[in-house]
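What follows is a set of notes on a single structure, which appears directly below.
FYI, it's all coordinate maths here, none of it is from the lab. This is a predicted model, so every value here is computed, not measured. All Cβ positions, even for glycine, are placed from backbone atoms using ideal geometry, and neighbour counts span all protein chains on display.
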Amino acid sequence: MTATEILAMLRMLDDEESDGGAGNVTDRDSDVSWSLDSSSSAESDSDNEFIPRRKKSRLDISDPGTDLVPSDNIPDLGEDRGRRQCQNVITEAAGPTAHAKRNIEDALTAFLCLVDDGMLKHIRDCTVAEAHRVKEDNLWDMTIEELKAFISLIYIRGAQGGKGMDLATFWSAEWGCAFFKETMSRNSFQEIMRFLRFDKRETRRTRLRDNKFALMSDVWDKFVQNCIACYKPGADITVDEQLFPTKSRCSFIQYIANKPDKFGIKFWLAADVDTKYMVNGAPYLGKDETRRPGQRLADSVVLKMVDPYLGKGRNVTTDNFFTSFELAKALQAKKTSLVGTVNKSRRELPPCVKAQKPLFSTEVLKSGDATLTVYQGKKKKNVCILSTVHTAVGITSGQKRKPETVTSYNKTKVGVDVLDQMARKYSVKAPSRRWPVAVFYNILDLAAINAHILYNKCTNEHVSRRDFITRLASELRSDHMGSKTSQLVVREPGPGQEQQQMERRRQCQVRRNCKQNKTKETCAKCRKVVCGSCTRKAVFTCVDCA
């Protein structure tokens, strides 16, 4: 007997006498052994004739709770979304933390729990330092109250849908908004936007060597920490990507063809499925040097995003970019389950998942505690769902006879997608050539959503998100308006009085009709240094106050 015949006999013996028997569908190149699950009621009893598909209705994204996958004829499974194991019993109450409940009384305090006074002071100090560097003097200043008023104008611009409007339109006599004119002048707004910075320039070169995100890392990291400290998510968390649209020049800009906006900065986000609260996030900066050797990027991202919530019996839902058998095992070791679609080209899957089966039929494979559901949802396309939640898979009644793993995935996959849709609806985004400003816009969008959720939960007052944003903007500028009222003293020269002059000449602070002329005169109303070219000749009043 030749060596070839002996090898063929051993292979035949191995196939006939294996432990899996006829149900063993293991691929020889795969590292995972899969076997057919006979305990699940997953096999379809229908004949194999084709059932025409109905036309899908257009998706309405106005409702944050909208299911992104059609769910016609699917009965309500209630809490029994496929027999949860003991490791999936959540041991932590969902909702605002004690810290949030103790501090939140109105829209402003909800916002300040996420964007706290320390962050605002840091932004103010960096902005003033940049203004002093550019102007080469120490005259320009900005208070925390002015910074809050500046943020309030940004929020109102987004709530009114003015992202494509010219900035001067908001202060124009014909089309302008009284809220903008009363809060601050257009020149003041433009100056703050010009000097707006989020890091110290003196140490920037050193920090950029180790961190590409150094220009915004302090503000972003503190914002994420505050989001984690103020809320505990429910039983289900979604991990996905967000592409914040911008064409600002930076080394980690991304191009994704299947996104509505092709260019932008990519963020990894984790969101609570029930409320769409952002519970964690991080920017994608390219190759991660801190990743363990041999670990997939997707596995590393998911483990980092859900790290504060491991060991509490929660479930994580991911798409086919993240889902893998190794990730499922890593999460299961920390008492956290995984449900997600799997790319059929992965080496760990058996070859039978690529075979075409009768329409609306289901096949269930098992490997240890993991369940792989192969559902033929379309005539020429099936879907693979990997789950460590479902010990057995049942079939829902209805025309499409969906397995429980598919319905569970459809209900829990929408966290980040709906969060991104909500952010776009009232986004504060505006054109900018500086990527740190674009990231700041994203922080304000996410902060408004999270603050709205915290406000509703802590006060039991359910207001719409647009009303909450307008209320937040009004409260943000209240301190600034109060200080303006107390400092507004009209000083017009009376009969026989001379205009007040300074002891030394200074550059004009109005600069409407001049090029940094020097003068000793000041405006009678706002007390700014004003030259003769920028005054109303009758009573030295700058054109802004006039």
Selection of GluC sites (Glu not before Pro), the range 283-367, meeting DSSP coil and at most 16 other Cβ within 10 Å: E289
Potential lengthening between S397 and A173 on full extension [0.36 nm per residue; Cα-Cα distance subtracted]: 74.4 nm
Under 5 Å, built H, 5+ apart or other chain: amide partners of Y231: T97
Distance between modelled label sites at Q295 and F252, nm, 7 Å Cα→Cβ extension: 1.7
Distance histogram in 5 Å bins (all Cα pairs of the range 395-469, percent per bin): 3, 13, 16, 16, 13, 11, 9, 10, 6, 2, 1
R0 of 41 Å, Cβ-Cβ distance D479-A333: FRET efficiency to nearest 0.05: 0.25
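Taking other Cβ within 10 Å of each residue's Cβ, how do E191, E136, E182 sort, fewest first? Walk me through the intermediate numbers first.
Values: E191 18, E136 7, E182 11.
Exposure proxy ranking, most exposed first: E136, E182, E191.
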